[in-house]
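The values are calculated or read from the model by the stated rules, or taken from the named source; none is laboratory data. The shown structure was predicted, so the numbers you read here are calculated from the model rather than taken from an experiment. Here Cβ is always computed from backbone atoms with ideal geometry, including for glycine, and neighbour counts include all displayed protein chains. Just so you know, the surface numbers come from the protein's heavy atoms only, side chains and all, with ligands and any DNA or RNA stripped out. Shrake-Rupley method; radii C 1.70, N 1.55, O 1.52, S 1.80 Å.
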2 protein chains.
Amino acid sequence: MTTCIKVKQPNIKYVDCDNCSMQPICVPLRAGKTEVSIMDSYLSRRNTVNNSTPLFREKESADAIYAVCAGSFKLTEISSENNEKVIGFRFPGELIGEDAIHTQHYNYNAVAVGTTSVCKIDLKELNECGKLLPELQLNLISLLSKQNSMLREEFTSVVAKHTAESLLAAFILNMLKRNAQYQESETKLHLPVGRDVIANHLGFRRETLSRIFSKFQQKGLLTIHAKDMEILDLEGLKNIAYD
Amino acid sequence: MTTCIKVKQPNIKYVDCDNCSMQPICVPLRAGKTEVSIMDSYLSRRNTVNNSTPLFREKESADAIYAVCAGSFKLTEISSENNEKVIGFRFPGELIGEDAIHTQHYNYNAVAVGTTSVCKIDLKELNECGKLLPELQLNLISLLSKQNSMLREEFTSVVAKHTAESLLAAFILNMLKRNAQYQESETKLHLPVGRDVIANHLGFRRETLSRIFSKFQQKGLLTIHAKDMEILDLEGLKNIAYD
DNA sequence: CGTAAAGCTTGATTTAAATCAACAAATAAA
DNA sequence: TTTATTTGTTGATTTAAATCAAGCTTTACG
């Protein structure tokens, strides 16, 4: 089984091809090519995106969808007053830009957080191969459905939480779940971004976030040093999240 | 062009097949059948769901996806304390349950608000026909991508709004956009549900919702009588939403 | 290395929303 | 129709988060 190059850096998460969401598309796509061109097209599909660099920008015409191989991305929108609004994160194994299949253009900015690596699937190529390989289509359908369910879960986890505490608890649980497969430990979580970015995403202030982290530590729910978190009481967090 | 039966009731919204999201799937699926069986399978696909009745329930095994033809649905989850949490709404022309293609079971409850009508697409049938009709698959892919982008928009419109005012304004704009095609007027909006359900969905109290509606009326942004809203100042609402 | 800049935490005060409470309006039931 | 019940509005008080402000820590840089 072909494996994506593993980016071995401290706190850079990665997935190999076996654990990548894109695999059910990637493999039949490659199988439809000759030995030589496989490697060619396969390798050309892999890209490094440097810290703070956009993979694509809002409104850009969309010619490809991406799967994250290593590192994290933040998805942002820029408001009319030029404020950046963080609408989500994407981690290794997850798709980015899949909603552009329909809209033909990207609907948000996808910005690398740290050094990242992505697999690129050309939409034109996908479309052509799809006509010959019904299984490829089925896999893509399943993948989109999965992404859908991921989005809905994310939505549910943050919407209609009355308190900042339950919102943060739900956010942590969502991160834990999505990062489970490539965390060293089930209880450890490395935050890909700083307090400001998380606070922005969750819709409250850096100060509030800081206070809640302190409170959670006092309660013995977790410990946090800089961006490294350790969950001490998962049930306690769940109780707060699903108040 | 075949047309879904129009449910003509006051304040019941509907789409005919021409404007239905499901059409790109529905039509090729029907085209793969004989004349006689077309009507048969077509009609059998349409179902009426009565007020407060679940179309499906969380965790049920999923054998079909649905498109709303007429009326509205609320999507809910039941918390451990047996509280109903409204995680979203679905209106005519929109899909329900599409995320179950991947999970094989439904991930939330879909409950009819008033008398509703849905088109049912059997997943097994879809799967079989799909192997013969690549175009069907492509259409489904596009549809799922569209639903994805709808979910993301909904997410963005409600997440990380610091004030209840901007959250409600964003919610109204989201409703307006999604209901645009079958509203008599661009400025009129009929709320499918009561204050409690909207407040539940947005994560604040009935009283707060009521106060904000009053404030919006005082500001001359809109008028509201029971569930009938008229937008007077769209730009004003946008300013509040995208603070 | 020391200094600057950025990021994080904690405290005091203000502001927005929850809560408690009363009442009005609309709907359903008798 | 009258009465009961649900649903919606408004007011007074309490509570949670924003804001303003200061100090601390870490990282970046000359």
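Take the Cα pairs of region A:94-158, get the Kirkwood Rh, then feed it into Stokes-Einstein at 20 °C and 1.002 mPa s and tell me D in µm²/s.
Details: Rh = 13.7 Å.
The estimated diffusion coefficient comes to 157 µm²/s.
Measuring from a point 7 Å out along Cα→Cβ, what nm distances, shortest first, does B:Glu186 have to its partners in the other copies?
Reported distances to equivalent positions: 5.5 nm.
Can you list which of the chymotrypsin sites (Phe, Trp or Tyr not before Pro) found in region A:76-182 are DSSP loop residues with at most 16 other C-beta atoms within 10 Å? Each step should come with its number before you reach the end.
Working: sites: A:Phe89, A:Tyr106, A:Tyr108, A:Phe155, A:Phe171, A:Tyr182; in loops: A:Tyr106, A:Tyr108.
Within region A:76-182, no chymotrypsin sites (Phe, Trp or Tyr not before Pro) qualify (loop, at most 16 other Cβ atoms within 10 Å).
What is the local net charge at B:Thr103, summed over the other residues whose Cβ is closer than 12 Å to its Cβ (Lys, Arg +1; Asp, Glu -1)? Walk me through the numbers before you get to the answer.
Numbers: positive: A:Lys146, A:Arg152, B:Lys59; negative: A:Glu153, B:Glu58, B:Glu60, B:Glu98, B:Asp99.
Around B:Thr103, the surrounding residues sum to -2.
If you average 1/r over every pair of different alpha-carbon atoms in the protein assembly as shown and take one over that average, what Kirkwood value in Å do you get?
Numbers: mean 1/r = 0.0421 Å⁻¹.
Averaging 1/r across every pair of different Cα atoms and inverting gives 23.8 Å.
Give me the base-10 log of I(q)/I(0) for region B:137-243 at each q in 0.09, 0.11, 0.13, 0.24 Å⁻¹, Debye formula, one uniform scatterer per Cα, rounded to two decimals.
Debye intensities relative to I(0), on a log10 scale: -0.24, -0.36, -0.49, -1.48.
Pick from B:Glu77, B:Glu230, B:Glu184 the residue whose mean-square fluctuation is largest in a GNM of chain B, springs joining Cα atoms under 10 Å.
Of the options given, B:Glu184 has the highest mean-square fluctuation.
Any idea what the B:Lys131 label distances to the other copies are, label 7 Å down the Cα→Cβ vector, nm, shortest first?
2.2
What is the packing order of peptides A:187-196, B:65-74, taking the mean over residues of other C-beta atoms within 10 Å and listing the highest first? Could the numbers behind the result be given before it?
Details: A:187-196: 16.4, B:65-74: 25.6.
Final packing ranking: B:65-74, A:187-196.
Among A:Ser185, A:Ile101, A:Cys17, pick out the residue whose Cα is farthest towards the positive end of the charge dipole of the protein assembly as shown, where Lys and Arg carry +1 and Asp and Glu carry -1 on C-beta, about the Cα centre.
Highest projection toward the positive end goes to A:Ser185.
With a 1.4 Å probe and all protein chains left in place, how much accessible area per residue does region A:185-227 have, in Å²?
Numbers: 2280 Å² over 43 residues.
Per residue, region A:185-227 has 53 Å² of solvent-accessible surface.
All other residues with a Cβ under 11 Å from the Cβ of A:Leu209 taken together, and with Lys, Arg as +1 and Asp, Glu as -1, what is their net charge? Display every interim value, and only then the final one.
On the way: positive: A:Arg195, A:Arg205, A:Arg206, A:Arg211, A:Lys215; negative: A:Glu165, A:Asp196, A:Glu207.
So the surrounding residues net to +2.
With each label point set 7 Å from Cα along the Cα-Cβ vector, what nm distance links B:Lys124 and B:Thr187?
Taking the simple label geometry, B:Lys124 and B:Thr187 are separated by 5.3 nm.
From the label point of B:Arg205, set 7 Å from Cα along Cα→Cβ, how far away are the matching label points in the other copies, in nm, ordered shortest to longest?
Label-point distances to the other copies, shortest first: 2.2 nm.
Are any of the pairs A:Lys120/A:Lys188; A:Lys85/B:Lys177; B:Lys59/B:Lys188; A:Lys215/B:Lys59; A:Lys74/A:Lys131; A:Lys146/B:Lys120 more than 26 Å apart by Cα-Cα distance, and if so, which? Walk me through the intermediate numbers first.
Numbers: A:Lys120/A:Lys188 30 Å; A:Lys85/B:Lys177 21 Å; B:Lys59/B:Lys188 37 Å; A:Lys215/B:Lys59 35 Å; A:Lys74/A:Lys131 33 Å; A:Lys146/B:Lys120 20 Å.
A:Lys120/A:Lys188; B:Lys59/B:Lys188; A:Lys215/B:Lys59; A:Lys74/A:Lys131, as the Cα separations exceed 26 Å there.
So for the pair A:Gln218, A:Asn82, with labels modelled 7 Å out along Cα→Cβ, what separation do we get in nm?
In this crude label model, A:Gln218 to A:Asn82 measures out at 4.0 nm.
Suppose the chain between A:Arg206 and A:Leu132 were pulled fully straight at 0.36 nm per residue; how much longer would it get relative to their current alpha carbon spacing?
Values: separation 74, 0.36 × 74 = 26.64 nm, distance 5.16 nm.
Roughly 21.5 nm would be gained on extension.
Please report the carbon-and-sulfur percent of the accessible area for region B:160-241; probe 1.4 Å, protein heavy atoms only, DNA, RNA and ligands left out.
On the way: 1870 of 3960 Å².
So the carbon and sulfur contribution to the accessible surface is 47 percent.
Interface size between chain A and chain B, please: total buried accessible area, 1.4 Å probe, rounded to the nearest 100 Å².
Values: alone 12650 and 12660 Å², together 21540 Å².
For chain A against chain B, roughly 3800 Å² becomes buried.
Could you state the number of Å between the C-alpha centres of region B:78-99 and region B:147-209?
14 Å
Which one, B:Ile141, A:Leu126, B:Ile240, projects farthest toward the positive side of the charge dipole computed for the protein assembly as shown from Cβ point charges (K/R +1, D/E -1)?
Toward the positive end, the furthest listed residue is B:Ile240.
Compute the Kirkwood hydrodynamic radius of chain B, taking the inverse of the mean of 1/r over all pairs of distinct Cα atoms, and give it in Å to one decimal. Walk me through the numbers before you get to the answer.
Values: mean 1/r = 0.0525 Å⁻¹.
Evaluated over chain B, this radius sits at 19.0 Å.
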